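FYI, it's all coordinate maths here, none of it is from the lab. What you see is a predicted model, and the numbers here were worked out from it, not measured in a lab. Quick reminder, even Gly has a Cβ in these numbers, built from the backbone with ideal geometry, and neighbours come from all protein chains shown.
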Amino acid sequence: MMRVGVCTAAFHPHHQDNSLKIRTFEAFRGLLALWVVIGHTIKHSGYDLNRLGVFKLLAMPEKAVDCFIMLSGFVIFFLLDARHVSYGEFITRRLFRLAPLYLAVLVASALSLGWQSSVIQAYLWKNITTAHDLALHVDAMNHLATQFVAHLTMLHGLIPDSILPSSQFAIVGQAWSISVEWQFYLIAPLLFAMIARGRWRALACALLVLCGLRASNYGGEGFAVNQGLYFLIGILSYYLWKRFGATPEARADFIEASAVIVMAFAYLAVPGSFSLVIWAVMTAVAFAETCGLRRGICATIGQVLCRKPFQFLGRISYSMYMTHMLVLYAWSAIFTLFVPSMDKPQFLVLNIFAVVAVTVVLSAVCYGLIEAPGMKLGSLLVNRMIRNTKTTPREAVHGSVTK
């Protein structure tokens, strides 16, 4: 199956079948992960958003996560529509795509919480981000056993602060979106089945329940329902792509004009909607790729993104997203200890280059040693499930007797 990521998320992770691969989405996943790495590095370098000028957007990694979530909505429904698999097969693949690397980073982060706190306290320059980060570390250490158990389920995003302080962001701050992704995986096949079978009343009831949960103001960012708009945009984009995006007669000028109209509407009508603008670009480029367009701005962007360096970034994007904070703390400690006299701009530039470079290398290693074996194990388990399902009761009994 396709590796067009999620987020997820994102970021996030999908199967390996080139026949279901949208290469521009693969590249976008890598660029979004890179944005998250750079954004967190800027925010941990002592700069305030209002003083960054034109670079302010780079220091807003949450916009990239919004795009990851929309991408997840698109891709998961694409996979469910393209491959008719059981719920067990689907969720097994998703579990073994997310969990191996997630657990490795969770353990490493839990063991190094004290060290991370000391690094944050020793920062040369502090701001509201570093103060908030330190508070999260304090909450994590004060409830470490409970936090760790909650994180093992990948459902920690469901737990409000009134029950477990900072559960969404404790131990591994960026893993709040992994919890969102996992929650979506658990219910996505059910929503898709309602649509595929035309169970519109059931779907309407389900959506009303989700709207009620959203209106109740339960939880925070880590509760998937509170990210429902972005998932919905991704899902609707998929059905739009299914209807028009693979049409050979599609015209480059129509796709590009439509993308500009959507971007303008989103930017002018929805406050703080830059992530929607980026999503409009992403989908327009993906439409151009799947339509086989050879001319136009979208087609040109797609041809660039299909090059190996961008595809490589997409392949390791999940590792980049999960490991970069550990790398960031390590480099911050090194610079603080050995080069305490540097000024803030020097610290920022050196930190960005160092964190990005080491994160990319570490992520390539993690992909080869953890992600790929995890996906392979998930595929083996799914194949065994399929074989067992195809075995008739008579054959099963006969087999058990002969053994």
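Percent relative contact order of region 262-355, based on C-alpha pairs within less than 8 angstrom and at least six residues apart? Provide the component values of the computation, followed by the final result.
Details: 39 pairs, mean separation 14.5, N = 94.
Rounded, it is 15 percent for region 262-355.
Comparing Phe169, Phe353, Phe25, which has the greatest mean-square fluctuation in the GNM of the chain with Cα pairs linked when under 10 Å apart?
Phe353
Set the Förster distance to 41 Å, then compute FRET efficiency between Arg387 and Ala264 from the Cβ-Cβ distance, nearest 0.05.
Values: r = 52 Å, r/R0 = 1.28.
Working from the Cβ atoms, E equals 0.20.
What number, rounded to the nearest 500 deg cm²/dmol, is the helix-based mean residue ellipticity at 222 nm of the chain, given -39500 (n - 2.57) per DSSP H run of at least four residues and division by all its residues? The partial results should precede the final answer.
Working: 17 runs with 278 residues, N = 403.
Taken over the chain, the calculation gives -23000 deg cm²/dmol.
Return the sequence-ordered ³J(HN,Hα) values of region 126-138 in whole Hz as given by the Karplus equation 6.51 cos²θ - 1.76 cosθ + 1.60 applied to θ = phi - 60°, using x for Gly and Pro.
So the J values, rounded to whole Hz, are 10, 8, 5, 5, 5, 5, 5, 4, 5, 4, 5, 5, 4.
Summing +1 for each Lys or Arg and -1 for each Asp or Glu, what net charge is found among the other residues whose Cβ lies under 12 Å from the Cβ of Gln227?
Details: positive: Arg214; negative: Glu62, Asp66, Glu181, Glu221.
Net charge around Gln227: -3.
How far apart, in nanometres, would the label points at Cys306 and Ser341 be if each is projected 7 angstrom from Cα along the Cα-to-Cβ direction?
It is 5.3 nm.
Figure the gain on full extension for Arg243 and Ala82 (residue separation times 0.36 nm, minus the Cα-Cα span) and round it to one decimal in nm.
Numbers: separation 161, 0.36 × 161 = 57.96 nm, distance 1.41 nm.
That works out to 56.5 nm of additional length.
Multiply the residue separation of Leu232 and Leu377 by 0.36 nm, subtract the distance between their alpha-carbon atoms, and state the gained length in nm to one decimal. Walk me through the intermediate numbers first.
Details: separation 145, 0.36 × 145 = 52.20 nm, distance 3.08 nm.
Result: 49.1 nm gained on full extension.
Which shape class applies to the chain: rounded if a/c is under 1.5, otherwise prolate when a/b exceeds b/c and oblate if not, where a ≥ b ≥ c are the square roots of the Cα gyration tensor eigenvalues? Write out the running numbers ahead of the final one.
Numbers: a/c = 1.60, a/b = 1.22, b/c = 1.31.
Oblate is the answer for the chain, as a/c is 1.5 or above yet b/c matches or exceeds a/b.
Quick one: Karplus J couplings for region 101-109, per residue in order, coefficients 6.51, -1.76, 1.60, θ = phi - 60°, nearest Hz, x for Gly and Pro?
Listing the rounded values in order: 5, 4, 5, 4, 5, 4, 5, 4, 5 Hz.
Give me the net charge of His40's neighbourhood, meaning all other residues with Cβ under 14 Å from the Cβ of His40; Lys, Arg count +1, Asp, Glu -1.
Taking every Cβ under 14 Å from that of His40, the sum is 0.
Taking the Cβ of Ala170 as the centre, find all other residues whose Cβ is under 12 Å away and add up their charges (Lys, Arg: +1; Asp, Glu: -1).
The answer is -3.
FRET efficiency for Ala145 and Trp115, Cβ-Cβ distance as r, R0 = 25 Å, nearest 0.05? If you can, show how the numbers build up before the last one.
On the way: r = 19 Å, r/R0 = 0.75.
Once rounded, the FRET efficiency stands at 0.85.
Using the Cα gyration tensor of region 46-137, with a ≥ b ≥ c the square roots of its eigenvalues, what is the shape: rounded (a/c below 1.5), prolate (a/b larger than b/c) or oblate (neither)?
Details: a/c = 4.99, a/b = 1.64, b/c = 3.05.
It comes out oblate by the Cα gyration axes.
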